[in-house]
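Read the structure below first, then the notes.
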Amino acid sequence: MRREDGTDGAVRQPVSVERGIVSALTVQSLYKIFGRRADEAVRRLADGRPRAEALAGLPATAAVIDASFEVRPGEIFVVMGLSGSGKSTLIRMLNGLLRPTRGSVRVDGVELTTLKPAALRKLRREKISMVFQHFALMPHRTVVENAGYALEVAGLPRADRRERAMDALRMVGLTEWADNLPHDLSGGMRQRVGLARALAAGTEILLMDEAFSALDPLIRREIQDQLLELQAELGKTIIFITHDLNEAMRLGDRIAVMRDGRIVQIGTAEEILTDPANDYVAQFVADVDRTRILTAASVMEKPQQVLDVNAGPRVAAKALRESQTSVVYVTGPMKKFLGTVTEDEVLRALREGRPHLDGYVSTERVRTVTADTSVADLFADCAQSQHPVAVLDGHDRLIGVIPRITLLSALAAATPDEPAPDQDQAELVARKGEPA
Ligand SMILES: Nc1ncnc2c1ncn2[C@@H]1O[C@H](COP(=O)(O)OP(=O)(O)OP(=O)(O)O)[C@@H](O)[C@H]1O
Ligand SMILES: [Mg+2]
């Protein structure tokens with residue numbers, strides 16, 4: 001999904017390049033003030049004061065205050081915040097449905113705030129689609145007609161419309177329902193029609209405002225998965241609004257947290273969890289299931305002893321003695337991880353007078369995982385691995401190890417006020433004997 005050059009090989013709209021970052025959409029110092037004396041409101045807010053204090057006595061509401069960010073092509077950028085924090089107002093300025101009070105919005109390098117209404121409509125048709133919370137389907141039109149609606153507005157001939165709409169329905173798994181009316185469909189299916197409509201339009205950017213919030217949890221999860229799959233395939237740029245933290249963490253490549261009109265932090269789920277910008281964000285993320293977000297990379301430690309397979313048993317014995325451990329991690333050509341050698345085997349190699357560790361290295365006592373394995377998925381590996389689990393990068397190089405005790409303490413830190421989220425798993429790990 002995240003391609004290095006931001007393309008998928010297909011024909012693609014040009015993107016703007018600013019300060020060396022390729023971005024699909026750029027927002028700079030964006031403000032939206034409702035009410036009167038907007039200029040005075042902006043002036044008072046500019047120094048960073050909380051909005052209630054800054055606007056006291058002014059007949060104005062500050063919905064978005066000094067927002068700046070860039071969205072990369074192919075990224076899912078989530079905007080998260082409590083009700084009234086300014087999310088919808090922000091997203092509506094991104095496609096020109098609302099005119100900003102101050103600041104700049106650029107899509108593919110085009111400054112939206114200077115466009116005339118006709119040019120804005122064209123941009124919405126060609127570059128940015130929006131998926132709403134309440135489906136907004138037309139009840140007397142069939143599913144395929146609803147899916148092709150944007151194309152109808154764009155003046156495409158009927159046959160082309162149907163073909164593209166059918167393609168989009170296939171992507172969301174609704175081909176069989178094409179000729180039904182919306183009321184034949186469940187809520188989840190209707191929302192997929194909404195998604196199909198945005199996909200049929202063929203725009204690079206999708207704006208989704210609480211698109212899944214009306215769905216019940218299981219359906220919601222399914223459609224989240226579907227969105228992630230589609231995203232992996234199509235590489236759209238998606239700006240997704242939600243007040244649900246778990247949804248944000250599941251979908252977002254990066255997340256912007258809004259509070260009282262301001263963006264208070266932008267980062268990956270992991271960055272926001274491990275390094276919240278302030279108490280507000282920390283409280284917001286306090287009850288998320290961290291074991292799903294934290295990865296092997298964030299809990300691993302530096303391996304104590306790593307030796308090349310060509311090292312001799314004497315070197316290994318010295319290393320073991322110095323580090324007071326009983327296992328060395330062994331790497332081969334290109335630093336690829338080969339396995340572990342225990343104290344006993346080092347002694348055997350010494351007795352047998354072997355020149356190097358080759359022949360004594362084993363993968364039996366150590367499990368390997370990739371850096372992006374979630375902590376939740378590490379339990380079984382940790383329980384089954386006699387030596388601390390080896391963490392490998394994309395080239396099978398050893399980048400860290402996870403002793404059981406490290407995993408357990410990461411788990412404890414993840415849930416300060418309650419028992420570990422999965423006590424059974426924690427006990428399973430703890431019971432499996434001492435870490436090597
Ligand atoms: N047209 C408007 N006129 C006046 N004030 C508005 C208008 N639209 C929004 N607001 C105010 O701006 C602030 C931000 O509203 P917005 O709808 O953007 O929040 P939100 O984060 O989308 O909330 P929710 O999660 O409830 O959808 C709120 O205080 C709201 O009352
Ligand atoms: Mg809203």
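The values are calculated or read from the model by the stated rules, or taken from the named source; none is laboratory data. Values in this document were obtained by computation on a predicted structure and should not be read as measured data. Counting neighbours? That spans all protein chains shown, and the Cβs are built from the backbone with ideal geometry, glycine included.
The residue that is nearest to ligand 1 (Cβ to nearest atom), among those in region 213-250 that are in contact with a Phe, Trp or Tyr (Cβ under 6 Å, 6 or more places away or on another chain) and assigned to a helix (DSSP H, G or I), is R220.
Does T113 satisfy being free of Cβ contacts under 8 Å to residues at least 60 places away in the same chain, closer than 17 Å to L25 by Cα and either of a type outside the set (A, V, I, L, M) or in contact with a Pro (Cβ under 9 Å, 6 or more places away or on another chain) (or both)?
Criteria met by T113.
Taking the conditions exactly as written (within 16 Å of ligand 1 (Cβ to nearest atom), at pLDDT below 85 and over 30 Å from E343 (Cα atoms)), does A256 satisfy them or not? For A256, the condition - within 16 Å of ligand 1 (Cβ to nearest atom), at pLDDT below 85 and over 30 Å from E343 (Cα atoms) - is not met.
Selection of region 267-302 for residues being of a type in the set (D, E) and surrounded by 14 or more Cβ atoms within 10 Å (Cβ to Cβ) yields E270, E271, D289. Taken over region 246-287, the criterion of being out of contact with any Ser or Thr (no Cβ under 9 Å at 6 or more places or on another chain) and within 16 Å of ligand 2 (Cβ to nearest atom) is satisfied by A256 alone.
Restricting attention to region 39-90, and to residues there that are within 16 Å of ligand 2 (Cβ to nearest atom), in a loop (DSSP other than H, G, I, E, B) and farther than 28 Å from E204 by Cβ, which single residue is farthest from the chain's Cα centre (by Cα)? Filtering region 39-90 for residues that are within 16 Å of ligand 2 (Cβ to nearest atom), in a loop (DSSP other than H, G, I, E, B) and farther than 28 Å from E204 by Cβ, the one farthest from the chain's Cα centre (by Cα) comes out as G84.
Quick one: would you say A147 is of a type in the set (G, A, S), surrounded by 20 or more Cβ atoms within 10 Å (Cβ to Cβ) and modelled with pLDDT of 90 or more? Talk me through it step by step, then tell me what you get.
Details: of a type in the set (G, A, S): yes; surrounded by 20 or more Cβ atoms within 10 Å (Cβ to Cβ): yes; modelled with pLDDT of 90 or more: yes.
When the stated conditions are applied, A147 passes them.
Here's the yes/no breakdown for (1) surrounded by fewer than 19 Cβ atoms within 10 Å (Cβ to Cβ); (2) within 16 Å of ligand 2 (Cβ to nearest atom):
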| site | (1), (2) |
| --- | --- |
| L94 | no, yes |
| G109 | yes, no |
| A118 | yes, no |
| I128 | no, no |
| Q133 | yes, yes |
| G155 | yes, no |
| A159 | yes, no |
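Scoring T101 on the criteria (1) hydroxyl-bearing (S, T, Y); (2) more than 16 Å from ligand 1 (Cβ to nearest atom); (3) modelled with pLDDT of 95 or more leaves a single failure, condition (2).
Matching residues to (1) touching a His at 6+ places or on another chain (Cβ under 7 Å); (2) loosely packed, with under 14 Cβ neighbours inside 10 Å; (3) among the polar types (S, T, N, Q):
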| residue | (1), (2), (3) |
| --- | --- |
| T340 | yes, no, yes |
| G359 | no, yes, no |
| D393 | no, no, no |
| V401 | no, no, no |
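Of all residues in region 69-88 being surrounded by fewer than 22 Cβ atoms within 10 Å (Cβ to Cβ) and within 11 Å of ligand 1 (Cβ to nearest atom), which is farthest from A282 (Cα to Cα)? Among those residues, the one meeting the criterion is S88. Please determine whether any residue of region 179-186 is assigned to a loop (DSSP other than H, G, I, E, B), on the phi > 0 side of the Ramachandran plot and surrounded by fewer than 19 Cβ atoms within 10 Å (Cβ to Cβ). There is no residue in region 179-186 that is assigned to a loop (DSSP other than H, G, I, E, B), on the phi > 0 side of the Ramachandran plot and surrounded by fewer than 19 Cβ atoms within 10 Å (Cβ to Cβ).
Being modelled with pLDDT of 90 or more, within 21 Å of the chain's Cα centre (by Cα) and not in a loop (DSSP other than H, G, I, E, B) is not true of F34.
Residue-by-condition table, conditions (1) in contact with a strand residue (DSSP E or B) (Cβ under 7 Å, 6 or more places away or on another chain); (2) more than 16 Å from ligand 2 (Cβ to nearest atom); (3) β-branched (V, I, T):
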position: H140; (1), (2), (3): no, yes, no
position: G148; (1), (2), (3): no, yes, no
position: P182; (1), (2), (3): no, yes, no
position: T203; (1), (2), (3): yes, yes, yes
position: L207; (1), (2), (3): yes, no, no
position: F212; (1), (2), (3): no, no, no
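Region 277-392 holds no strands (runs of 3 or more DSSP E) entirely within its bounds that carry 2 or more residues that are out of contact with any strand residue (DSSP E or B) (no Cβ under 8 Å at 6 or more places or on another chain) and over 23 Å from L251 (Cβ atoms).
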